[in-house]
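Working notes for the structure below.
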Amino acid sequence: MNLFAEAIAWMLAPSQWTGSYALPVLLGQHLVLTAISVLIAAVIALPIGWLIGHTGRGREIAVAVSGAARAIPAFGLMVLLVLLLGVLRVPQAAVVTFVLLAIPSLLAGAYTGLEAIDRRVIDAAKAMGMTGWQVFWKVEVPLGLPLLVGGIRSALLQVIATVTIAAYVNLGGLGYPIIQGIPLRRFDQVLAGAIIVAVLALIVDLLLAAAQHAAVPAGLRTGRQAGRRSRASVRPAAVTPAAA
């Protein structure tokens, strides 16, 4: 309990809010690395995932590649890329590592969102005279958006947690207090850094959970609520004793 209080005191100390390693500066670096990595990963993964979901081909390859990418240790990969690219390209090595970490979740969210759509909806859209592009953009993408947002949510949380290792190669971020505090045996500083990363991840998760709920089309939300109300009204009737 004392260590937790010391960690809070370390975070609130005026010295942690000024200078080149101030907490706001480290937070900004952390968010920039995360945003750049996830955006690059989205540019790569979303078109491929949508193509797989739209055509129904290549899913097995995507699953195999995603599984292999998830099995790669991020820290080891970043160190390897730094050695291969050279110390002058450390930022590029770190971003490539985080991009590879984000791709599997984004890819899965993109193609599972389209695969989960009832094929009768697709057939009805085609029967109305929609072209393949119209079916994709006006039907498949909106209906697949909740699962896609779920993939973005998962990717962001993974990258936010992993960007802490960027401090090992002097790229800053919220991992800096942790990396600096371990050899100094400043466990209050280490705990403070871990708390800040956890709070950031929690805030992002709550925001994207709300976005995922909002991404469900209004018609589907209304239908689900009506279905729940219908089941709730039927259930008591089923257990009511028959009149004598």
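Against the condition open to solvent by 30 Å² or more (accessible area, probe 1.4 Å) and under 20 Å from the mean Cα position of the chain (by Cα), how does residue 69 come out, does it pass? Here the answer is no, as residue 69 does not meet what is asked.
Taking the criterion of being surrounded by 16 or more Cβ atoms within 10 Å (Cβ to Cβ) and under 16 Å from residue 169 (Cα atoms), the only residue of segment 18-27 that qualifies is 26. Residues of segment 187-244 that are outside any helix (DSSP H, G or I), loosely packed, with under 15 Cβ neighbours inside 10 Å and modelled with pLDDT of 55 or more: 217 alone. Beta carbons closer than 9 Å, at least 6 apart along the sequence or on distinct chains, pair a first residue in segment 41-62 that is more than 16 Å from residue 116 (Cα to Cα) with a second that is part of a loop (DSSP other than H, G, I, E, B) for 48/58. Within segment 176-186, the set of residues being open to solvent by less than 30 Å² (accessible area, probe 1.4 Å) and without any contact (Cβ under 8 Å) to a residue 40 or more places away in the chain comprises just one member, 181.
Mind checking whether some residue in segment 28-45 is over 26 Å from residue 201 (Cα atoms) and open to solvent by 60 Å² or more (accessible area, probe 1.4 Å)? No, that holds for no residue. Listed conditions (1) in a helix (DSSP H, G or I); (2) of a type outside the set (Asp, Glu); (3) surrounded by fewer than 21 Cβ atoms within 10 Å (Cβ to Cβ) are all met by residue 160, apart from (3).
The values are calculated or read from the model by the stated rules, or taken from the named source; none is laboratory data. As the structure is a computational prediction, the values presented were derived from the model and not from experiment. Neighbour counts are summed over all protein chains in view; Cβ atoms, including those assigned to glycine, are modelled from backbone coordinates with ideal geometry. Heads up: the accessible areas ignore ligands, DNA and RNA and are worked out on the full protein's heavy atoms, side chains in. Shrake-Rupley method; radii C 1.70, N 1.55, O 1.52, S 1.80 Å.
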